[in-house]
Amino acid sequence: MNKAKKYPYMVDSHAHLDFSNFDRDREEVLQRAEDQGLKLIVNVGFDLLSSKESVMLAGQHPFVYAAVGIHPHDAAKAPSNYLRELEEIAHYPKVVALGEMGLDFYRDRSPRPVQRDVFRRQLRLAKKVNLPVIIHDRDAHEEVLKILEEEGLPAPGGVMHCFSGELELARKFLKLGLYISIAGPVTYSRNNKLSEVAAAVPLERLLIETDAPFLTPGPLRGKRNEPAYVVFVAEKVAALRGISVESLGRNCLENARRLFSIE
Ligand code: NI
């Protein structure tokens, strides 16, 4: 794989390997991730079917774990019994979080009142099943913050996935106890806001991710993203913080294991 180095400890806290564009070479993609030093991938569901597929994938690969949830894009399509179904899936082996869930006012693929409702109900379910949450927030910063403040977080906490706001906003989410996860956009030139956040988040609250197949890091932009490419995110974030990639990778892996209660 291009010029990426292999590291002893690496993690992808958010990927979607159940997507059909991995159907041809999913095993090779996972092998490349392992070769690159990844010790943990959290595969994140976006609807009931993909949540079940995430659980199956986790069952087949020791270093893959699953999150189950309804993405705001898919909120309007969720069947009426989705909460009961989610609760059942949440108890399957290797399910470590509820998500992704949240608000997306950029694409608005589901009506906003439905997005809000499905988000709130999943937060309540997370408290009931005592799992951390994986939050999607696109162009909905203030409302996501408000809903999280009103509903409260489950005891195990959660993560703002693919964080895209400013440092001031990151501080508010940190104050709630959330982790901040940095994805490929930090490698795009001129992303100064995100660089500032990636440099300032306390090391013990920082995560890295690919959001594969989306958001391919700079060097490979235009290609399909995959977990092995998380090293490009790690290299950029480590450089911004003036620490070694090895220690950044190890810290983010430890953080992910702590947040998701993985031994
Ligand atoms: Ni995602």
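The values are calculated or read from the model by the stated rules, or taken from the named source; none is laboratory data. All values reported here derive from a predicted model rather than from experimental measurement. FYI the Cβ positions are ideal-geometry reconstructions off the backbone, even for glycines, and counts take in every protein chain you see. Please note that ligands, DNA and RNA were not included when accessible areas were found on the heavy atoms of the full protein model with its side chains. Shrake-Rupley method; radii C 1.70, N 1.55, O 1.52, S 1.80 Å.
Provide the descending list of Cα extents for the chain along its principal axes, expressed in whole angstroms.
48, 40, 34
For Lys223, list the aspartates and glutamates whose Cα falls under 17 Å from its own Cα; do not include residues on the same chain fewer than 8 positions away.
Partners within reach: Asp23, Asp25, Glu28, Glu209, Asp211.
What is the ratio of the Cα radius of gyration of segment 1-123 to 2.2 N^0.38 Å, with N the residue count, to two decimals?
The reported ratio for this selection is 1.14.
Quickly estimate the mean residue ellipticity at 222 nm for the chain, helices only: each DSSP H run with n ≥ 4 gives -39500 (n - 2.57), and the total goes over all residues, rounded to 500.
Only helices count here, giving -12500 deg cm²/dmol.
If I take R0 = 22 Å and measure r between the Cβ atoms of Glu263 and Gln60 in this structure, what FRET efficiency does the formula 1/(1 + (r/R0)^6) give, to the nearest 0.05?
0.70
Assuming 0.36 nm per residue, please report the length gained on full extension of the stretch Val114 to Glu27 beyond their Cα-Cα distance.
27.7 nm
Based only on the alpha carbon positions, what is the Kirkwood hydrodynamic radius of segment 143-263, in angstrom?
14.6
So, by mean Cβ neighbours within 10 angstrom, what's the order for 64-71, 16-23, 153-160 with the highest one leading?
64-71, 153-160, 16-23
Take the Cα atoms of segment 93-148, build their convex hull, and give its volume per residue in Å³.
78
Among Gly157, Gln31, Met101, which residue has its Cα positioned farthest towards the positive end of the charge dipole of segment 10-259, with +1 placed on the Cβ of Lys and Arg, -1 on the Cβ of Asp and Glu, and the dipole taken about the Cα centre?
About the Cα centre, the residue reaching furthest to the positive side is Gly157.
Could I have the simple spin-label model distance between Glu88 and Leu176, label points 7 Å from Cα toward Cβ, reported in nm to one decimal?
3.0
Need the full-extension length gain, Ser20 to Glu168, defined as separation in residues times 0.36 nm minus the C-alpha distance. One decimal, nm.
Full extension from Ser20 to Glu168 adds 49.6 nm.
State the Cα centre-to-centre distance between segment 1-40 and segment 177-220 in whole Å.
Taking the Cα centre of each part, segment 1-40 and segment 177-220 sit 17 Å apart.
Obtain the nm distance between the two label points defined at Tyr188 and Val129 by a simple spin-label model: each point lies 7 Å from its Cα along the Cα-to-C-beta direction.
Using points 7 Å along Cα→Cβ, the separation is 3.2 nm.
Students often check this: by mean Cβ neighbours within 10 Å, which of 165-173, 206-214, 77-85 ranks highest, and how do the rest follow?
206-214, 165-173, 77-85
Going down the list Lys77/Lys172; Lys39/Lys236; Lys94/Lys127, which pairs span over 28 Å between their C-alpha atoms?
As for pairs spanning more than 28 Å Cα to Cα, those are Lys77/Lys172.
Using a 1.4 angstrom probe on the protein heavy atoms only, could you order Lys94, Lys127 from most to least accessible area?
Lys127, Lys94
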